[in-house]
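Contents: one structure, followed by commentary.
The values are calculated or read from the model by the stated rules, or taken from the named source; none is laboratory data. What you are looking at is a predicted structure, and each value in this text was computed from that prediction instead of being measured. Positions of Cβ are backbone-derived with ideal geometry, glycine not excepted, and every protein chain shown enters the neighbour counts. The area values use the complete protein model at the heavy-atom level, side chains included, leaving out ligands, DNA and RNA. Shrake-Rupley method; radii C 1.70, N 1.55, O 1.52, S 1.80 Å.
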Amino acid sequence: MKNLFARAISFIKENPSVMYSLVLVLLVPIAFFINTYLVNLSYEEDLNKITQRKAILIEDILENVIAKEANNADKIQEIIGNIISEDSEVVSLTVSNFQNQTNDFKIVAASDKNLVGNIQPDNMQNMIAWTNPEGIAFLDEKNNERFWKVTKILKSNSEEKIGLISMSLSLASTDFLINRTIRNSYWVLFVTIIIVLLFVSNQARLFGYALMVTKLKEIDKMKDMFISMASHELRSPLGAMKGYVDFLKDKKEILADEDANHYVSNISLSIERLNGLVADMLEVSRIEGNRMPMEISEINPNKVISESVEEIKSQAIQKGLKLIYTPPIDDKLIILADVNRLKQVLINLIGNSIKYTPAGSVTVSVVAKNNELGITIADTGIGISSEDQANLFNKFHRIQNEKTKNIIGTGLGLWITMEIVKRMNGRITIESIEGVGSHFTVYLPVVKK
């Protein structure tokens, strides 16, 4: 436990913003508690004022009613009995006459009939009420129950003071409402505190995740920097090695020696593979770092496609394949794309079709539909299974089977192609059947004329 506490303190010291967040979070229940307390206090005061007005109002009505029957004690007693039976909040009601000889108040009618004829107690309170035209009202408590005690002057029809009316109004129902409201509000406060505590614990975890994400971003940035630096550094020695190998290929002694010629060819193939990997890794680094230059402009796709086909035609001829380009009927179509990046995409896709087509042909065709230009590269190659199609555009994914094991590739070309097409606001699709061939289609937006 001590170790956990020490670790928490250390974590907060290393990340002071956590303490700031915790203080802000803890202020929520504190503010809620203060607000609840003040609201309950105000609510209780308002209810007390309302019940006080109610007690005074009842007594004002009684005063008018009883004044008419001032000389009829039995009638007054009947009125009191009716009030007590109909209003459960009125727990006691007393009418008394002033005795000039003794300065006391004699009870002439009461809710408790046993008190009739007795001298009313609390003479000091009665005398204060007797001298106060408005009467007096105060809160009293007995057996954990609160009452409004109201005492007012009883006057005759000639406005002569003849006695007092004293009433006790119970606040039991009002206090029940107040206590229930307070209890409910504190339950809400308790639940709020629990939620805040859970939020704090979750916040700590989220903060840990945020730190982890920040560190991962830093690591990812370092990785991109390393790949970029390593790729640049590797290109120079690879270029030198390729130059030496090309030099050896021209040597008559090497060409005459079958083994030496085989070794030099293997070295050349390995250098070519490394060059491809370095170039692809450099492209990946540029794309992920959002450093790939892209100049989108209005271009004629026919010219770019023709140049791409001509540039890669030698590879098709070496394999004995037909490379066919069918220009669009409307050669004035204009699309939005980057010339160099579109050429990179087309050469990559046509090159892939040539690599994975043992015999037959590769056909490039163009069709315009729904404000898009579709450039399709169709081959009669080995085809791609549905399982491989699902992962085809993932980084480092390569089709692994007997037919592809000797084909050179990094598994990055199609991912790079897809990312470039996306950045030109286009999309790429594939349709393929194993043993029949594949159709790759690049869709790019057409400029409306």
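Figures for the structure shown
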{"item": "Contact order normalised by residue count of segment 334-389, Cα under 8 Å, 6+ apart, percent", "result": "31 percent"}
{"item": "Cβ-Cβ FRET estimate between residue 160 and residue 87, R0 fixed at 25 Å, reported to 0.05", "result": "0.30"}
{"item": "Segment 314-363: relative contact order as a whole-number percent, Cα under 8 Å and 6+ apart", "result": "66 percent"}
{"item": "Accessible area per residue in Å² at 1.4 Å probe, computed on segment 283-416", "result": "51 Å²"}
{"item": "Overall form of segment 94-149 per C-alpha gyration tensor (a/c, 1.5; a/b vs b/c)", "result": "oblate"}
{"item": "Difference of contour (0.36 nm per residue) and Cα-Cα distance, residue 240 to residue 128", "result": "28.6 nm"}
{"item": "FRET efficiency, 1/(1 + (r/R0)^6) with R0 60 Å, evaluated for residue 188 and residue 427 via beta carbons", "result": "0.70"}
{"item": "Extension gain from residue 173 to residue 41, taking 0.36 nm per residue of separation minus the Cα-Cα distance", "result": "45.8 nm"}
{"item": "Coil-residue trypsin sites (Lys or Arg not before Pro) of segment 266-297, DSSP, other Cβ within 10 Å capped at 10", "result": "291"}
{"item": "Gyration tensor (alpha-carbon) shape descriptor, segment 273-317, a/c threshold 1.5", "result": "oblate"}
{"item": "Length released on extending from residue 275 to residue 395, taking residue separation times 0.36 nm less the Cα-Cα span", "result": "41.4 nm"}
{"item": "FRET E, pair residue 23, residue 214, Förster distance 30 Å, beta-carbon r, rounded to 0.05", "result": "0.85"}
{"item": "Of all accessible heavy-atom area on segment 269-319, the percent that carbon and sulfur account for (1.4 Å)", "result": "50 percent"}
{"item": "Principal axes of segment 301-449: Cα extent on each, largest first, Å", "result": "50, 30, 24"}
{"item": "Ratio Rg/Rh, restricted to segment 83-194 and using Cα atoms, in which Rh is the Kirkwood radius", "result": "1.17"}
{"item": "Paired Rg and Dmax values of segment 329-393, which use every Cα atom, in angstrom", "result": "13.9, 39"}
{"item": "Point-to-point label distance, residue 439-residue 247, nm (Cα→Cβ direction, 7 Å offset)", "result": "5.1 nm"}
{"item": "Hull-based mean projected area of segment 152-198, where the convex hull spans the alpha carbons, in square nanometres", "result": "4.9 nm²"}
{"item": "Residue 33 paired with residue 267, simple spin-label distance in nm, labels 7 Å along Cα-to-beta-carbon", "result": "8.1 nm"}
{"item": "Qualifying GluC sites (Glu not before Pro) for segment 277-307 [loop in DSSP, other Cβ within 10 Å: at most 15]", "result": "295"}
